[in-house]
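Everything below concerns the one structure shown next.
The values are calculated or read from the model by the stated rules, or taken from the named source; none is laboratory data. Bear in mind the structure is a predicted one, so any value in this text is a computation, not a measurement. Quick reminder, even Gly has a Cβ in these numbers, built from the backbone with ideal geometry, and neighbours come from all protein chains shown.
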């Protein structure tokens, strides 16, 4: 942050995070509309975001472009909390194999593609830009476009707020000379706990077997808190770059960051789920 003020950094990162969070939801929903499970879409989003983050690693940290793209846009586009939420939900639903696939594919492949991005940053950016064009719209695209636009405001507000808090945590840890990966760990743990708590609460039933929350409230809360705030607060791309960078210097250190992040994140997610389950014992 050599030539930008603290408020400017936070505003730029929050703006990028708001856009990234909305893009994540659009990509996920478009994948689901094509028959791709939501968790697979999140895995692909995290891998793609990690690759791009690696490609931008040579930018000056806290410059305007780095703040908007890496800390903001990619931080909001990728999500650690949704990964933990998907792992817990799939496990609770009896699809334990999918839980393992989500965990291993994300935590193993994300640092690898981030490292690839750091090596081939120029060629990676040009090829990814070209491959994003020319996709044929599926049926009912206009209906989904209205759906995406309807949720834009809530997702953007939540994503911007979560991103601002993430950047504030990173800057605070930097001023205290705390390692950057610790700041990422803090926000990922907090976001994972909140995401699973909110999700488990929203799916609860009352004593009569009726949903506690009506559908509009459920959708709005999910957009604002889970997809927006927690998605903007947590980040897989930054974690992947930190793991890859640490691994390049010391494999043990890189492995320790990865294992600590996974263990703490999943423990927080399970804790959030359990607290919500105790508060609302009945569930669908």
Among the residues of the range 60-110, the number that are under 17 Å from the mean Cα position of the chain (by Cα) and outside any helix (DSSP H, G or I) is 2
Over the range 241-253, the set of residues over 18 Å from residue 105 (Cβ atoms) and either part of a helix (DSSP H, G or I) or under 16 Å from the mean Cα position of the chain (by Cα) (or both) is 242, 245, 246, 248, 249, 251, 252, 253
The one condition residue 29 fails out of (1) under 21 Å from residue 169 (Cβ atoms); (2) in contact with a helix residue (DSSP H, G or I) (Cβ under 7 Å, 6 or more places away or on another chain); (3) at pLDDT below 95 is (1)
Residue hits (the range 1-41; in a helix (DSSP H, G or I), farther than 16 Å from residue 72 by Cα and without any contact (Cβ under 8 Å) to a residue 12 or more places away in the chain) are 32, 40
Over the range 246-261, the set of residues out of contact with any helix residue (DSSP H, G or I) (no Cβ under 6 Å at 6 or more places or on another chain) and touching a residue at least 60 places away in the same chain (Cβ under 8 Å) is 248, 260
Going through the range 42-60 in order, the residues found to be surrounded by fewer than 21 Cβ atoms within 10 Å (Cβ to Cβ) and free of Cβ contacts under 8 Å to residues at least 40 places away in the same chain are 44, 59
Only one of 258, 240, 263 is farther than 13 Å from residue 191 by Cα and surrounded by fewer than 20 Cβ atoms within 10 Å (Cβ to Cβ), namely 263
Residue 227 vs (1) assigned to a helix (DSSP H, G or I); (2) on the phi > 0 side of the Ramachandran plot: all pass except (2)
Checked 227, 233, 205 against criteria (touching a strand residue (DSSP E or B) at 6+ places or on another chain (Cβ under 9 Å) and within 30 Å of residue 148 (Cα to Cα)); the one match is 205
